[in-house]
Amino acid sequence: MQETPNADSGPKWFNSPVTICNGSIEEVKKHIPDFERQAFSLGAGMPEHKRLETIIRKPTQRDPHCIPVGVVSKEYVLILHAQVVDVAMRALEEHQIDPATVQATARVTEYGERMALSLYLPDKYSIAPDGKHKMALSLECFNSVDGSSRFRALMGWFRFVCSNGLIIGTTKSDIHRRHVGDLDVADIYDVLTNGLRDSEAEKENFEKWYKHSISIDQLTEWVDNDLKKLWGFKAAARAFQIATTGRDADITGNYQDKKPSNITVKHKMEIPGAARPNENLFDISQTLAWIAKERRDLSEQLQWREQIPELLKPLQECR
């Protein structure tokens with residue numbers, strides 16, 4: 001299924017609207033555009049640039065035209081989105097994971113220059129720390145064809161009830177790669193290998209988080225200081241409301257002499273799967289993951305998700 005969110009309110013990536021595709025890997029792959037390199041010039045018969053080339057998006061089902069999406073050096077190694085999908089599928093197969101059993105989501109920018117691919121592994125790799133809501137182990141790949149961002153692959157968790165995502169906290173389950181060499185199946189294979197291994201430790205960590213109780217006083221102190229310092233007043237106020245009421249909120253009161261925990265707000269939607277109230281570290285991790293997911297820009301979402309383990313450290317020290 002391909003979904004085009006509202007351009008004014010939907011997700012963006014470096015200010016480019018994002019289209020979301022869900023389904024099997026093969027179904028999602030059909031909606032991923034293809035690209036080619038062409039000379040960088042003003043047209044046929046005109047001089048070509050000696051050091052630069054143009055990246056062209058080929059026609060798609062929705063748009064029959066070729067569209068230029070970027071200019072890169074001739075040394076730039078073009079890693080196609082479809083190549084990322086194929087390499088990921090081979091990495092799964094080498095781990096005896098049938099790609100047909102894997103659900104996929106691809107987030108692709110308007111002209112296709114950037115893609116975020118999420119592959120949700122079968123149920124046997126899933127966990128439910130709260131005993132109710134499943135979290136799938138996921139392989140995530142980020143790629144651009146225009147040089148706007150590096151290729152990246154990492155392992156994480158995806159909580160289906162609220163679409164929250166957490167990242168496995170070890171750098172060994174993560175890879176950054178500049179576009180200076182061909183993408184090899186070994187790159188993603190190693191990420192998947194380390195992620196599957198580290199997921200076992202993560203399961204134990206989530207169990208510890210779930211057993212680590214947090215009082216309202218500890219929550220209030222943390223929100224008004226540690227969380228506010230890194231994520232700002234508004235995000236801290238939202239986190240406090242979600243953690244105490246299960247509902248997101250907009251600030252309506254005057255900021256003067258107020259703290260995130262006591263400013264006047266207007267409550268909005270109930271958060272699916274949110275504990276009411278948050279009583280432990282796992283609950284609070286999901287509150288933070290919800291706020292990170294609600295960032296409009298995909299690169300910001302990932303950045304905020306990566307900060308969650310560090311944000312929780314002050315609460316982990318509370319007894």
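Things to note:
- Inter-residue pairs, beta-carbon under 7 Å, first within 30 Å of residue 55 (Cβ to Cβ) and in region 113-134, second assigned to a loop (DSSP other than H, G, I, E, B), 6+ apart: 113/145; 113/146; 113/148; 114/148; 114/149; 115/32; 119/102; 120/102
- So residue 72, is it aliphatic (A, V, I, L, M), assigned by TED's automatic domain parsing to the domain that holds residue 121 and either part of a strand (DSSP E or B) or touching a Leu at 6+ places or on another chain (Cβ under 6 Å) (or both): yes
Each row is one residue, and each column tells you yes or no for (1) outside the structural domain of residue 90 (by TED's automatic domain parsing); (2) over 30 Å from residue 292 (Cα atoms); (3) surrounded by fewer than 18 Cβ atoms within 10 Å (Cβ to Cβ).
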| position | (1), (2), (3) |
| --- | --- |
| 23 | no, no, yes |
| 35 | no, yes, no |
| 50 | no, yes, yes |
| 58 | no, yes, yes |
| 68 | no, yes, yes |
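One line per residue, one yes/no per condition, for (1) of a type in the set (Gly, Ala, Ser); (2) surrounded by fewer than 19 Cβ atoms within 10 Å (Cβ to Cβ); (3) free of Cβ contacts under 8 Å to residues at least 40 places away in the same chain:
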| position | (1), (2), (3) |
| --- | --- |
| 165 | yes, no, no |
| 176 | no, yes, yes |
| 185 | no, yes, no |
| 190 | no, yes, yes |
| 198 | no, yes, no |
| 210 | no, yes, no |
| 222 | no, no, no |
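- Test for residue 258: is it outside any helix (DSSP H, G or I), more than 20 Å from residue 129 (Cβ to Cβ) and either modelled with pLDDT under 95 or charged (D, E, K, R) (or both): yes
- The listed residue being outside any helix (DSSP H, G or I), touching a residue at least 12 places away in the same chain (Cβ under 8 Å), over 15 Å from residue 167 (Cα atoms) and basic (Lys, Arg), out of 238, 276, 295: 276
- Flag for residue 130 being among the charged types (D, E, K, R) and within 25 Å of residue 190 (Cβ to Cβ): no
- Conditions (1) at pLDDT 95 or above; (2) surrounded by fewer than 19 Cβ atoms within 10 Å (Cβ to Cβ); (3) under 27 Å from residue 129 (Cα atoms); number of the one not met by residue 266: (3)
The values are calculated or read from the model by the stated rules, or taken from the named source; none is laboratory data. This structure is a prediction, so every number in the text was calculated from the model and none was measured. Every residue, glycine as well, gets a Cβ built from its backbone with ideal geometry; the counts of neighbours run over all protein chains shown.
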